[in-house]
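Worksheet for the structure shown next.
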Amino acid sequence: MQTLDILLNNNSLDPNLKAIAQKVKNNERITFNEGVYLYEKAELSYLGILANYIREQKHGDRTYFNRNFHIEPTNICVYDCKFCSYSRMIKQREEGWEMDVDGMIDILKKYDNEPVTEVHITGGVVPKQNLEFYSEFFKRAKAHRPNLHIKALTPVEYYYIFKKAKLSHYDGMKHLKEAGLDSMPGGGAEIFHPEIREQIAADKCTAEQWLDIHEQAHKLGMRSNATMLYGHIEQFWHRVDHMEQLRLLQDRTGGFQAFIPLKFRNQNNQMSHVPEVSVIEDLRNYAIARIYLDNFDHIKAYWAMISRETAQLSLNFGVDDIDGTLDDTTKIYSMAGAEEQTPAMSTKELVDLIKHVNRKPIERDTLYNVVTDYTDVVFEEEKPSYYKLPVVN
C-alpha cells in the first residue's frame, strides 16, 4: 500500500497510468484500452508495484505449489500446430509414442507410495485414444487410488473426442466426470483471435469451442485453468483480447482457478525463425495478467518452462503459484527448448526456492486446499548438528 501511494503521489507519472493505478487501489476493473495501454506504455517497475499490490491483497506472501506427476499418453497428433515442438504427425509415428490404458496405469502405480495429490494428463490427439479409452483409464485410476485428483486433457482433445462420439460438449464432459475426471488444465487456448489462431493452429478447435467446453465443465461443478501462448506473432491487443474473453467467461461461471501465461519457445518447431521475448517481457506479461484478470484468484508460472530464477522473480510481479514438483514426468517443456531439460524438483527444493525470495511456501491440492504450510518447516537434513570445537594447542 505504501509503495502504491508513493506511485500515486508521483506528479511526473503519466496521467493515464496514474488513473489505472488509482483503479487498482480502488479495486476497480480496468478497461480493454487500458490493458493495451499498459502493454504499450508501462515500465516494468510500475507494473510490478501494481501487480504485487493485487497479489498481496489476495494472498499475502503465500506462494502455492503441489506434488504432482504427469502422464503423456501420446505425442502423436492429428493436428499441425506451427509452434509445437512436442507432437509428431500421424505420418511420423516412428518418432513418437502411444500408450495403452495398461501403460498409463503402470505409470500411476509407480507413485503408490508417494504423497502426490494430482496426476496431470495431456498430450497429442489420436483416434484410438477416444471416449472409451479415457473413460476406462479414469475409472481404473479412481478404483486404484480414489483420492488422487485427475486433471486431464484440454478442449483440443475433448472437442475431437466428443465429435467422434457424437456427443455435445456438456454430455461429453458429464460422461467423463462420471468416469472419474476431476478438473481440466488450461492448455490449447494459445491466442483466441482468429487472425492469429489461423496462422499458428488453424486445424484445432476454435476459441469459441475452447471456451464452451470450459463453460460446460464449470456448469457441471468442475474447475479448470486457462492459458495464453504469448511472445510470437501476436500484437499486444491480441493478448488483451484473449484475457478479455477469459474475464467475461469467468464473470459468468466463476469456474477458472488460475491463469497461466505460456512463453513461446522456438526450438524444434515450424516457428523457429520467430525470436523469443526477453525475461523483462515475461515479467511485464505476468504483471499485466494479474492486473487485468481481476476475477481470477491465481496467476501461475510454470517454473519448468521459464527457469527457476525467472519463476522466483515472477513472485514479485503478480504470480502466486509456481506449479508442482513434476518429477521429470513431462517432455512438453524440454522438447520446446525450455531451460529445464529434466524438469524435476523435490519438495525441499521447491520450498527453498520460494523461501529464498521471502515468500511463504504452501503445498496445496488441485483445488487450492492447503495440504502443508512449509513456512516454519525444517527438513531433516537442515536440522542443526553439533560441531567439534577447534582444539587450540
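The values are calculated or read from the model by the stated rules, or taken from the named source; none is laboratory data. All figures in this text were calculated on a predicted structure; none of them were measured in a lab. Note: ideal-geometry Cβ built from the backbone for every residue, glycine included; neighbour counts use all protein chains shown. We work out accessible area using only protein heavy atoms, side chains counted, and drop any ligands, DNA or RNA first. Shrake-Rupley method; radii C 1.70, N 1.55, O 1.52, S 1.80 Å.
Taking the criterion of being free of Cβ contacts under 8 Å to residues at least 60 places away in the same chain and within 23 Å of Ala258 (Cβ to Cβ), the residues of the range 35-59 that qualify are Ile49, Tyr53, Glu56, Gln57.
Scanning the range 212-266 for residues that are of a type in the set (D, E, K, R), in contact (Cβ under 8 Å) with a residue 60 or more places away in the chain, crowded, with 21+ Cβ neighbours inside 10 Å and outside any helix (DSSP H, G or I) yields a single hit, Arg265.
Within the range 180-192, does at least one residue satisfy the condition of being over 26 Å from Met305 (Cα atoms), at pLDDT 95 or above and of a type outside the set (Ser, Thr, Tyr)? There is at least one residue in the range 180-192 that is over 26 Å from Met305 (Cα atoms), at pLDDT 95 or above and of a type outside the set (Ser, Thr, Tyr). Which residue is most open to solvent (accessible area, probe 1.4 Å), if the candidates are limited to the range 112-160 and must be more than 18 Å from the chain's Cα centre (by Cα) and among the acidic types (Asp, Glu)? Step by step, filter the range 112-160, then rank; the result is Glu132.
Annotation: of all residues in the range 119-155 being modelled with pLDDT of 95 or more and charged (D, E, K, R), the one that is nearest to Gln257 (Cα to Cα) is Lys151. On the basis of being open to solvent by less than 20 Å² (accessible area, probe 1.4 Å), under 21 Å from the mean Cα position of the chain (by Cα), under 30 Å from Val119 (Cα atoms) and not acidic (Asp, Glu), does Ile71 make the cut? For Ile71, the condition - open to solvent by less than 20 Å² (accessible area, probe 1.4 Å), under 21 Å from the mean Cα position of the chain (by Cα), under 30 Å from Val119 (Cα atoms) and not acidic (Asp, Glu) - is met. Against the condition modelled with pLDDT under 95 and either closer than 25 Å to Gln216 by Cβ or surrounded by fewer than 20 Cβ atoms within 10 Å (Cβ to Cβ) (or both), how does Ser272 come out, does it pass? So Ser272 passes the test. Scanning the range 193-204 for residues that are open to solvent by less than 10 Å² (accessible area, probe 1.4 Å) and modelled with pLDDT under 95 yields Ile200, Ala201. Scanning the range 275-299 for residues that are surrounded by fewer than 24 Cβ atoms within 10 Å (Cβ to Cβ) and in a strand (DSSP E or B) yields a single hit, His298.
Return yes or no: is Gly172 part of a loop (DSSP other than H, G, I, E, B), open to solvent by less than 10 Å² (accessible area, probe 1.4 Å) and not polar (S, T, N, Q)? Judged against the criteria, Gly172 is not a match.
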